[in-house]
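The values are calculated or read from the model by the stated rules, or taken from the named source; none is laboratory data. On a predicted model such as this, the values are computed, not experimentally measured, just so you know. Because the Cβ atoms are built from the backbone with ideal geometry, glycine has one as well, and the counts that use them run over all protein chains shown.
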Amino acid sequence: MAKKKKETKKEIKVVNIVVSSSLNHAIPLEKMAAALSNTEYNPEQFPGLVIRIKWLKGKTEYKTSALIFSSGKIVCTGARSMDIVEESIQKIIKSLEKINIKITIKPEIKIQNIVASGTVGMDLNLNTLAMKLDNTEYEPEQFPGLVYKLRKSDGKAEATFLLFSNGKVVCTGTKSEKEVNVALDKLIVNLKKVR
């Protein structure tokens, strides 16, 4: 009787969502930095203010960071879901109330990048992959992972993967959880072709 081939167990989960938004309101960054302890502002080095946001919900602690610019533009990072992104932006709006700035709009949130990590469920020979796959970078003396750029049929980047020999992967460059999963499925198909 032939031995049944072990099924590949793939898994991937979002570890960071980077979004941009605008409050459509000028923000006095110096005043904000002076009033709030969870901020860093050093205009000689960088024109934006960094705000660190931390809160407890049940027993879970959430942490995100955001860059806020005087124009009201925001870049928020560190969330693992869109609910956490939205909560972070609401916390920024509440912080602004402490310096008498009322934001009356619901800011439009645009995903810039999603970072996900997981496994393809199989060991990988990175030397073989570097030779057989297009769009790879592999410098094992400098870094143990292989960079693989997954391209769409039109040649544009779909996702960039960092692959490790134990099958662990990090995916960047997608803009939704669905795109992450589609890219992972395509990666696995490509890996199986060249193994």
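Worth pointing out:
- Answer residue from the stretch 50-63, given it is touching a helix residue (DSSP H, G or I) at 6+ places or on another chain (Cβ under 8 Å) and surrounded by 15 or more Cβ atoms within 10 Å (Cβ to Cβ) and is farthest from Leu96 (Cα to Cα) among those: Tyr62
- When residues of the stretch 100-117 are limited to those that are surrounded by 17 or more Cβ atoms within 10 Å (Cβ to Cβ) and assigned to a loop (DSSP other than H, G, I, E, B), the one nearest to the chain's Cα centre (by Cα): Pro107
- Restricting the stretch 16-52 to residues that are free of Cβ contacts under 8 Å to residues at least 40 places away in the same chain and in a strand (DSSP E or B), the residue that is farthest from Val115 (Cα to Cα): Tyr41
Quick grid of which residues meet (1) closer than 19 Å to Val15 by Cβ; (2) touching a strand residue (DSSP E or B) at 6+ places or on another chain (Cβ under 9 Å); (3) among the basic types (Lys, Arg):
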{"site": "Lys132", "(1), (2), (3)": "no, no, yes"}
{"site": "Tyr138", "(1), (2), (3)": "no, yes, no"}
{"site": "Gly155", "(1), (2), (3)": "no, no, no"}
{"site": "Leu163", "(1), (2), (3)": "yes, yes, no"}
{"site": "Lys178", "(1), (2), (3)": "yes, no, yes"}
{"site": "Lys186", "(1), (2), (3)": "no, yes, yes"}
{"site": "Lys193", "(1), (2), (3)": "no, no, yes"}
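Quick grid of which residues meet (1) surrounded by 13 or more Cβ atoms within 10 Å (Cβ to Cβ); (2) not polar (S, T, N, Q):
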| residue | (1), (2) |
| --- | --- |
| Asn16 | yes, no |
| Leu23 | yes, yes |
| Leu29 | yes, yes |
| Leu36 | yes, yes |
| Gly48 | yes, yes |
| Lys98 | no, yes |
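- Flag if Tyr138 is within 21 Å of Asn16 (Cβ to Cβ), buried (at least 17 other Cβ atoms within 10 Å of the Cβ) and not aliphatic (A, V, I, L, M): no
- Test: residue in the stretch 82-90 that is among the small types (Gly, Ala, Ser) and assigned by TED's automatic domain parsing to the domain that holds Ala34: yes
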